[in-house]
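Engineer: Questions regarding the structure given below will be posed in turn.
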Amino acid sequence: MFRPLFWEEDHLVLLDQTRLPWEERWLRLARWEEVAEAIRTLRVRGAPALGIAAAYGLALAALRPKPGRTPRQEVAEAREGLRQTRPTAVNLFWALERMGRVAQSAPEEALFPALLAEARRIHEEDIAANLRMGEFGAALLPPGARVLTICNTGALATGGHGTALGILRTAWSQGKLGRVYVCETRPVLQGARLTAWELLREGIPFRLLADFAVGLLFRRGEVDAVLVGADRIAQNGDFANKLGTYVLAVLAHRHGVPFYVAAPSSSFDLSLPAGEAIPIEERPEEEVLAPYGCRFAPEGARAWNPAFDLTPGELVTAFVTERGVIRPPYARTIPAALSG
Ligand code: MRU
């Protein structure tokens, strides 16, 4: 199975996603600060992958404390530093909490092996969750399904296999999938660059769409289901995901098409009763004005660049998790499915 990041000897090895699809450049990261930089600049991205990278980052902190620091002091600083990288995906905070509990109970001399073992567990559990979601989700799709998706929710966004794209991978292996429609996902083009890269490697048929082609696509009855990922899901089913997801949900509702969200339980934030409290990351204006160094907008133009939008739970047909499929009323069913 393809993994976009993994531990090798005493380094974290990570595929630089800002270079895809032009170049497969693997980075060897030795320090937690390099992991924080990779997260901030989207070299590694996608909610579950952020949690896994941050977990390995804490292992690196324990392995290489700065002169004059104990491993425990370095880990504490790394936790704080990694928390500051990206605010929306709750998986990042979930993984840092979980690693923090291990750090607290491990003796100083065993800190590094304990943290590395926990990071590896988080990674393996994520892959196992994705494979289970693949089975649950594929069962929801009609034969020959034409499925619309956005951003990249594949192996690249996770420990391996993927969430929404993992379901499509499983459905394809079962002979159930007709075609995938992929929104290019402006401004940084995770759909065009990353999802297209993954689907081509798998030989799964797809068409790439300029984002606003979706309206005509729905009108023509070409979509059987919408399948997206999530960065943070509140108790009532409101959720944050890549900018444009809300547009797809409204269109799906208007056209009577099922709208599914695939996410592991680490993407749910039960401390939030509703979505309004989810912090929405705003990214540099340059990503909109001059993506990848190609300036479209005139000098002096300003941009607004929220990385995510918020979709109300009432537009979600079902959530697919590793624990099964969750249906409304979410304020009751989400806590019930995730407790225990
Ligand atoms: O800004 P990104 O590329 O990290 O955004 C990723 C998404 O919005 C994904 O849909 C989400 O993290 C789920 S990934 C399985």
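The values are calculated or read from the model by the stated rules, or taken from the named source; none is laboratory data. Note that the coordinates shown come from a computational prediction; the quantities given were computed from them, not determined experimentally. Cβ placement follows ideal geometry from the backbone for every residue including glycine, while neighbour counts extend to all protein chains displayed. What goes into the accessible areas is simple: the full protein's heavy atoms, side chains included, and nothing from ligands, DNA or RNA. Shrake-Rupley method; radii C 1.70, N 1.55, O 1.52, S 1.80 Å.
Engineer: Out of 61, 78, 53, I need the residue that is closer than 18 Å to residue 109 by Cβ, at pLDDT 95 or above and crowded, with 19+ Cβ neighbours inside 10 Å. Which one? First the steps, then the outcome.
Structural biologist: Details: 78 fails: closer than 18 Å to residue 109 by Cβ; 53 fails: closer than 18 Å to residue 109 by Cβ.
Unique residue meeting the criteria: 61.
Engineer: Separate question: Looking only at the range 259-279, which residues are part of a loop (DSSP other than H, G, I, E, B) and surrounded by fewer than 17 Cβ atoms within 10 Å (Cβ to Cβ)?
Structural biologist: From the range 259-279, those part of a loop (DSSP other than H, G, I, E, B) are 263-264, 269-274, 278-279; that's our starting set.
Once the filter is applied, which keeps residues that are part of a loop (DSSP other than H, G, I, E, B) and surrounded by fewer than 17 Cβ atoms within 10 Å (Cβ to Cβ), the range 259-279 yields 270, 271, 273, 274, 279.
Engineer: Exactly one of (1) crowded, with 17+ Cβ neighbours inside 10 Å; (2) part of a helix (DSSP H, G or I) is unmet by residue 213. Its number?
Structural biologist: (1)
Engineer: Can you run down the residue pairs with Cβ atoms below 7 Å, 6 or more apart or on separate chains, where the first is in the range 142-168 and over 17 Å from residue 266 (Cα atoms) and the partner is basic (Lys, Arg) and more than 10 Å from the ligand (Cβ to nearest atom)?
Structural biologist: 143/176; 145/176; 146/179
Engineer: Looking only at the range 309-340, count how many residues are in a loop (DSSP other than H, G, I, E, B) and under 28 Å from residue 187 (Cα atoms). Quick ask: steps written out before the conclusion?
Structural biologist: Restricting attention to the range 309-340, the residues satisfying the condition of being in a loop (DSSP other than H, G, I, E, B) are 312, 316-317, 322-323, 327-329, 339-340.
From the residues that got through so far, the ones that are under 28 Å from residue 187 (Cα atoms) too are 312, 316-317.
Selection size over the range 309-340: 3.
Engineer: Still on this structure, please answer the following. Name every residue in the range 267-277 that is over 21 Å from residue 138 (Cβ atoms) and within 16 Å of the ligand (Cβ to nearest atom), in order of residue number. Don't jump to the end; show me each part of the working.
Structural biologist: Keep residues of the range 267-277 that are over 21 Å from residue 138 (Cβ atoms), which gives 268-277.
Listed by number, the residues that qualify are 268, 269, 275.
Engineer: When you check residue 282 against the structure, is it open to solvent by 40 Å² or more (accessible area, probe 1.4 Å) and away from the ligand (no atom under 14 Å from the Cβ), yes or no? Before the answer, list the steps.
Structural biologist: Working: open to solvent by 40 Å² or more (accessible area, probe 1.4 Å): yes; away from the ligand (no atom under 14 Å from the Cβ): no.
Against the criterion (open to solvent by 40 Å² or more (accessible area, probe 1.4 Å) and away from the ligand (no atom under 14 Å from the Cβ)), residue 282 does not qualify.
Engineer: Any residue in the range 38-61 that's within 13 Å of residue 123 (Cα to Cα) and within 11 Å of the ligand (Cβ to nearest atom): show its pairings with residues that are charged (D, E, K, R) and not in a helix (DSSP H, G or I) at Cβ separation under 8 Å, as long as the two are six or more apart or on different chains.
Structural biologist: 47/231; 47/232; 50/86
Engineer: Also: Only one residue in 36, 89 is in contact with a Gly (Cβ under 6 Å, 6 or more places away or on another chain), open to solvent by less than 20 Å² (accessible area, probe 1.4 Å) and either on the phi < 0 side of the Ramachandran plot or at pLDDT 95 or above (or both), so which one is that?
Structural biologist: On the way: 89 fails: in contact with a Gly (Cβ under 6 Å, 6 or more places away or on another chain).
Selected residue: 36, the only one of 36, 89 that is in contact with a Gly (Cβ under 6 Å, 6 or more places away or on another chain), open to solvent by less than 20 Å² (accessible area, probe 1.4 Å) and either on the phi < 0 side of the Ramachandran plot or at pLDDT 95 or above (or both).
Engineer: Give the residue, chosen from 43, 28, 69, 3, that is part of a strand (DSSP E or B), open to solvent by 20 Å² or more (accessible area, probe 1.4 Å) and among the basic types (Lys, Arg). Outline the logic, then answer.
Structural biologist: On the way: 43 fails: part of a strand (DSSP E or B); 69 fails: part of a strand (DSSP E or B); 3 fails: part of a strand (DSSP E or B).
28 is the lone residue from the list that is part of a strand (DSSP E or B), open to solvent by 20 Å² or more (accessible area, probe 1.4 Å) and among the basic types (Lys, Arg).
Engineer: I'd like the full set of residues that are surrounded by fewer than 18 Cβ atoms within 10 Å (Cβ to Cβ) and touching a strand residue (DSSP E or B) at 6+ places or on another chain (Cβ under 7 Å), limited to the range 6-25. Even if it seems obvious, please write down each step before you answer.
Structural biologist: Filtering the range 6-25 down to residues surrounded by fewer than 18 Cβ atoms within 10 Å (Cβ to Cβ) leaves 6-11, 13, 16, 18-19, 21-25.
The answer is 6, 11, 13, 16, 24.
Engineer: Also, quick follow-up: Give me the residue from the range 217-226 that is outside any helix (DSSP H, G or I) and open to solvent by 50 Å² or more (accessible area, probe 1.4 Å) and, out of that set, farthest from the ligand (Cβ to nearest atom). Spell out the reasoning first.
Structural biologist: Of all residues in the range 217-226, those outside any helix (DSSP H, G or I) come to 220-226.
Those still in the list that are open to solvent by 50 Å² or more (accessible area, probe 1.4 Å) too: 220, 222.
Details: 220: 25, 222: 22 Å.
Checking each candidate, the answer is 220.
Engineer: Another one. Do we have any residue at all in the range 286-295 that's hydrophobic (A, V, I, L, M, F, W, C), in contact (Cβ under 8 Å) with a residue 24 or more places away in the chain and assigned by TED's automatic domain parsing to the domain that holds residue 146?
Structural biologist: Checked the range 286-295: at least one residue is hydrophobic (A, V, I, L, M, F, W, C), in contact (Cβ under 8 Å) with a residue 24 or more places away in the chain and assigned by TED's automatic domain parsing to the domain that holds residue 146.
Yes/no per residue for (1) open to solvent by 50 Å² or more (accessible area, probe 1.4 Å); (2) in the same structural domain as residue 191 (by TED's automatic domain parsing); (3) within 10 Å of the ligand (Cβ to nearest atom):
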| residue | (1), (2), (3) |
| --- | --- |
| 93 | no, no, no |
| 97 | yes, no, no |
| 119 | no, no, no |
| 123 | no, no, no |
| 137 | no, yes, no |
| 149 | no, yes, yes |
| 162 | no, yes, yes |
| 165 | no, yes, yes |
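Engineer: Among the residues of the range 315-332, write down those that are open to solvent by 30 Å² or more (accessible area, probe 1.4 Å) and either farther than 19 Å from residue 150 by Cβ or among the aromatic types (Phe, Trp, Tyr) (or both).
Structural biologist: Listed by number, the residues that qualify are 322, 323, 325, 327, 328, 329, 331, 332.
Engineer: Can you spot a residue in the range 227-243 that is assigned to a loop (DSSP other than H, G, I, E, B), touching a Lys or Arg at 6+ places or on another chain (Cβ under 6 Å) and more than 16 Å from the ligand (Cβ to nearest atom)? Write out each step before concluding.
Structural biologist: Taking the range 227-243 first, the residues assigned to a loop (DSSP other than H, G, I, E, B) are 229-231, 234-238, 243.
Then drop every residue that is not touching a Lys or Arg at 6+ places or on another chain (Cβ under 6 Å), which leaves none.
No: zero hits.
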